[in-house]
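Notes follow once the structure below has been shown.
The values are calculated or read from the model by the stated rules, or taken from the named source; none is laboratory data. Bear in mind the structure is a predicted one, so any value in this text is a computation, not a measurement. Every residue, glycine as well, gets a Cβ built from its backbone with ideal geometry; the counts of neighbours run over all protein chains shown. Remember, those area values only see protein heavy atoms, side chains included, never the ligands or the DNA or RNA. Shrake-Rupley method; radii C 1.70, N 1.55, O 1.52, S 1.80 Å.
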Amino acid sequence: MFSRLLHPGKRSLESLSEQEILALAISSEEDDGRIYLAYADALRDAYPHSARIFEEMAEEESHHRQLLIDRHVARFGDRIPLVRREYVRDFPELKPDWLIANMPLEAIRAQAEAMEDAAHRFYLAAASRTQDAATRKLLGDLALAEKSHESLARRLGEQHIPADVKAEEDQTARRQFVLTYVQPGLAGLMDGSVSTLAPIFAAAFATQDTWQTFLVGLSASVGAGISMGFTEAAHDDGKLSGRGSPVKRGLASGIMTALGGLGHALPYLIPNFMLATTIAVFVVFVELWAIAFIQNRYMETPFFRAVLQVVLGGSLVLAAGVLIGNA
């Protein structure tokens, strides 16, 4: 009932005739094959082994499509009605081609698994709606083909991607994630957390006014976020360095810079000065230890050195702000 309300212009699978079910299966196989080829194109440079997997998956979808066309011609003739899955309720929505290039490797693999599972369930449902014995057998065979060996992606992966190659591709994907998101985000978090300490705590101890201190912290955080975001996006387009989209890096850096400063500015929304300052100092040390952890976890910086650089340096900046505010 809810699906009818949400998708009033779509038909249910139960309302389709046998000819329409075959037409839907043909168009779905064609769409899946095109998506797999788009995956292969997106992965070919960085992950050639995975690209080959998706090329073979596309070939198999093409074979399935030809079997379905042959069956339609034998039963209904060569005029295939236009029935696509976006016309039918309850079909999972797939990402358009222009978003595929931005998907990480694991997301593409997971999407392929989901597509196979959806195809398996569709063929089972379609077979149950078909009275013709030959058509029913074909749809049942295709359901088994989609489900065989747990998944086609894993089956072809065993053939083309041995464990060492898959580990290498996973390492490449992790490196790209670090370069595009973690590194600029970490730089922004460090800048936002550390560079705003002095002005915020200097304003706090100089004015003893929590609202004025919050405004100083808000302006410093937002200003630093905008500056860091534009700087990160503008200084490297990512083509030669391989660091990925400048827009993604700029957003990661800018957002994390603003959050780093806002973390210890927000407590000053509390009217009580001592309580707000105590919470702000606590938040500062949580931020600094979090930065040290991220450096150790993703940047492989020795933990002791990360603590020395970040926690000690941040504490000195905090102390400078307090001393200046009390001067």
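Quick rundown of the values:
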item	result
Test result for E300, charged (D, E, K, R) and modelled with pLDDT under 75	yes
Flag for G254 being small (G, A, S), modelled with pLDDT of 80 or more, over 23 Å from the mean Cα position of the chain (by Cα) and under 16 Å from M190 (Cβ atoms)	no
Residues satisfying the stated conditions in the range 308-327, i.e. open to solvent by 30 Å² or more (accessible area, probe 1.4 Å) and more than 14 Å from T196 (Cα to Cα)	L308, Q309, L312, L323, N326, A327
Cβ pairs under 6 Å, 6+ apart, first in the range 302-319 and without any contact (Cβ under 8 Å) to a residue 40 or more places away in the chain, second open to solvent by 40 Å² or more (accessible area, probe 1.4 Å) and of a type outside the set (K, R)	F303/N296; A306/N296
E146 within 31 Å of the chain's Cα centre (by Cα), at pLDDT 80 or above and crowded, with 18+ Cβ neighbours inside 10 Å	no
Residues (surrounded by fewer than 18 Cβ atoms within 10 Å (Cβ to Cβ) and either of a type in the set (D, E, K, R) or touching a Cys at 6+ places or on another chain (Cβ under 8 Å) (or both)) located in the range 282-301	R297, E300
Some residue of the range 79-98 being at pLDDT 85 or above, touching a Gly at 6+ places or on another chain (Cβ under 6 Å) and not aromatic (F, W, Y)	no
First in the range 39-58 and closer than 17 Å to A110 by Cα, second anywhere and open to solvent by 10 Å² or more (accessible area, probe 1.4 Å) and basic (K, R), Cβ under 7 Å, 6 or more apart	A51/R44
Members of the range 281-311 that are among the polar types (S, T, N, Q) and assigned to a helix (DSSP H, G or I)	Q295, N296, Q309
Those residues of the range 203-232 which are more than 33 Å from the chain's Cα centre (by Cα) and farther than 15 Å from P267 by Cα, in sequence order	A206, T207
Unmet requirement for A320, which otherwise passes all of (1) of a type outside the set (F, W, Y); (2) under 18 Å from A187 (Cβ atoms); (3) in contact with a Phe, Trp or Tyr (Cβ under 9 Å, 6 or more places away or on another chain)	(2)
Top-ranked residue in the range 175-210 [being of a type in the set (D, E, K, R) and surrounded by fewer than 18 Cβ atoms within 10 Å (Cβ to Cβ); ranked as nearest to A292 (Cα to Cα)]	R175
Filter result (assigned to a helix (DSSP H, G or I), open to solvent by 40 Å² or more (accessible area, probe 1.4 Å) and among the small types (G, A, S)) within the range 29-68	A42, S62
Number of the condition not met by L124 [criteria: (1) open to solvent by 20 Å² or more (accessible area, probe 1.4 Å); (2) outside any loop (DSSP other than H, G, I, E, B); (3) of a type outside the set (G, A, S); (4) modelled with pLDDT of 90 or more]	(4)
